[in-house]
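**Student:** Sharing a structure with you now.
The values are calculated or read from the model by the stated rules, or taken from the named source; none is laboratory data. None of these values were measured; they are calculated from a predicted model. As a convention, Cβ positions derive from the backbone with ideal geometry for all residues, glycine included, and neighbour counts pool all protein chains shown. Keep in mind that these areas ignore ligands, DNA and RNA; they rest on the heavy atoms of the full protein, side chains included. Shrake-Rupley method; radii C 1.70, N 1.55, O 1.52, S 1.80 Å.
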Amino acid sequence: MGKTIRRRRKEGKTDYGARLEMLKSNNVRLIIRKTNRYIIAQFVQSDIAQDSVISAANSRMLLDIGWPKELSGSLKSKQAAYLTGLMLGAASKSKVKSAIVDIGLHRNVKKSRIYSALKGIIDSGIKIPHGKEALPSEEDLNSNEKLSPLITKLKSKIQNG
């Protein structure tokens, strides 16, 4: 008789081996998830069997700081992911000094939206171990002429408070 597959693994939601290794490290985890419409990023501290969210940001929050409503369909873009990471990093700078990345079961694709959010958090000053070749360049983030001026405006707005 074979081993029973855990429900969350069968549903494609949890990699228990990777989760156990991260929990053993006792580091704060940076969890980055992408949905069909948004990018979600949060810092989570694990204590025994309880996860507590230290701080979180969602790309939907960009609408509150100046992202145009008519561009709300692009809240899952690389640019929105970068700004979401920058927003989370700026809000968490006093609470979190370093973390490790948890991308869950998302594919590890270089220069993707996941790594755009990671770049935003690193640019805000939080130390996270990463490979430089995985992060998108400034040219990648500013490649869209329609979003480029908006990104610079919102980036300065987030960094200045």
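**Student:** Of the residues in the stretch 57-83, how many are part of a strand (DSSP E or B) and either under 15 Å from Leu118 (Cβ atoms) or modelled with pLDDT under 90 (or both)? Before you say what the answer is, go through the steps one by one.
**Tutor:** First, pick out the residues of the stretch 57-83 that are part of a strand (DSSP E or B): 57-58.
Those left that are additionally either under 15 Å from Leu118 (Cβ atoms) or modelled with pLDDT under 90 (or both): 57.
Selection size over the stretch 57-83: 1.
**Student:** For the stretch 86-112, name all the residues that are of a type in the set (D, E, K, R) and modelled with pLDDT of 90 or more.
**Tutor:** Just the residues of the stretch 86-112 that are of a type in the set (D, E, K, R), to begin with: 93, 95, 97, 102, 107, 110-111.
Within the stretch 86-112, Lys93, Lys95, Lys97 qualify.
**Student:** For the stretch 2-19, does any single residue satisfy the condition of being open to solvent by 40 Å² or more (accessible area, probe 1.4 Å), over 16 Å from Ile103 (Cβ atoms), in a strand (DSSP E or B) and free of Cβ contacts under 8 Å to residues at least 24 places away in the same chain?
**Tutor:** no
**Student:** Take Ala90 and tell me if it is open to solvent by less than 40 Å² (accessible area, probe 1.4 Å) and not acidic (Asp, Glu).
**Tutor:** Details: open to solvent by less than 40 Å² (accessible area, probe 1.4 Å): no; not acidic (Asp, Glu): yes.
Here the answer is no, as Ala90 does not meet what is asked.
**Student:** Take the residues in the stretch 11-34 that are in contact with a strand residue (DSSP E or B) (Cβ under 9 Å, 6 or more places away or on another chain) and among the basic types (Lys, Arg), then tell me which one is farthest from Ala80 (Cα to Cα). Break it down stepwise before answering.
**Tutor:** Going through the stretch 11-34, the residues in contact with a strand residue (DSSP E or B) (Cβ under 9 Å, 6 or more places away or on another chain) turn out to be 18-19, 22-23, 25-34.
With the extra rule that they be among the basic types (Lys, Arg), the set shrinks to 19, 29, 33-34.
Numbers: Arg19: 27, Arg29: 21, Arg33: 13, Lys34: 11 Å.
Among those residues, the one meeting the criterion is Arg19.
**Student:** Same structure, new question: So if I check each of Ile54, Ile32, which one is assigned to a strand (DSSP E or B), touching a residue at least 40 places away in the same chain (Cβ under 8 Å) and open to solvent by less than 30 Å² (accessible area, probe 1.4 Å)?
**Tutor:** Working: Ile54 fails: open to solvent by less than 30 Å² (accessible area, probe 1.4 Å).
From the options Ile54, Ile32, the qualifying one is Ile32.
So that you can scan it fast, the table gives a plain yes or no per residue for (1) under 20 Å from Leu83 (Cβ atoms); (2) aliphatic (A, V, I, L, M):
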position	(1), (2)
Lys97	no, no
Arg107	no, no
Ser112	yes, no
Ser116	yes, no
Lys119	yes, no
Ile126	yes, yes
Lys132	no, no
Leu135	yes, yes
Glu138	yes, no
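**Student:** Of the residues in the stretch 59-87, how many are surrounded by fewer than 20 Cβ atoms within 10 Å (Cβ to Cβ) and not small (Gly, Ala, Ser)? Explain how you work it out, then say what you get.
**Tutor:** Of the residues in the stretch 59-87, the ones surrounded by fewer than 20 Cβ atoms within 10 Å (Cβ to Cβ) are 60-61, 63-66, 68-74, 76-77.
Those still in the list that are not small (Gly, Ala, Ser) too: 60-61, 63-65, 68-71, 76.
Of the residues in the stretch 59-87, 10 are surrounded by fewer than 20 Cβ atoms within 10 Å (Cβ to Cβ) and not small (Gly, Ala, Ser).
**Student:** Now for a separate question. Hey, among the residues in the stretch 35-51 that are modelled with pLDDT of 90 or more and touching a strand residue (DSSP E or B) at 6+ places or on another chain (Cβ under 6 Å), which one's surrounded by the most Cβ atoms within 10 Å (Cβ to Cβ)? First the steps, then the outcome.
**Tutor:** Narrowing the stretch 35-51 to residues modelled with pLDDT of 90 or more: 35-45.
The next check asks that each one be touching a strand residue (DSSP E or B) at 6+ places or on another chain (Cβ under 6 Å); those that pass are 38, 40-45.
Working: Tyr38: 18, Ile40: 18, Ala41: 26, Gln42: 19, Phe43: 23, Val44: 17, Gln45: 16.
Top of the filtered list is Ala41.
**Student:** Restricting to the stretch 110-161, give me the number of residues that are touching a helix residue (DSSP H, G or I) at 6+ places or on another chain (Cβ under 9 Å), of a type in the set (D, E, K, R) and part of a helix (DSSP H, G or I).
**Tutor:** So the count comes out to 6.
**Student:** For the stretch 102-114: of the residues being hydrophobic (A, V, I, L, M, F, W, C) and surrounded by 18 or more Cβ atoms within 10 Å (Cβ to Cβ), which is farthest from the chain's Cα centre (by Cα)? Steps first, answer last, please.
**Tutor:** So in the stretch 102-114, the residues hydrophobic (A, V, I, L, M, F, W, C) come out as 103, 105, 109, 114.
If we keep only those that are surrounded by 18 or more Cβ atoms within 10 Å (Cβ to Cβ) too, we end up with 103, 114.
Numbers: Ile103: 8, Ile114: 6 Å.
Per the criteria, the residue is Ile103.
**Student:** Additional query: Determine whether the stretch 115-138 contains at least one residue that is open to solvent by 30 Å² or more (accessible area, probe 1.4 Å), over 25 Å from Arg19 (Cα atoms), at pLDDT below 90 and not small (Gly, Ala, Ser).
**Tutor:** yes
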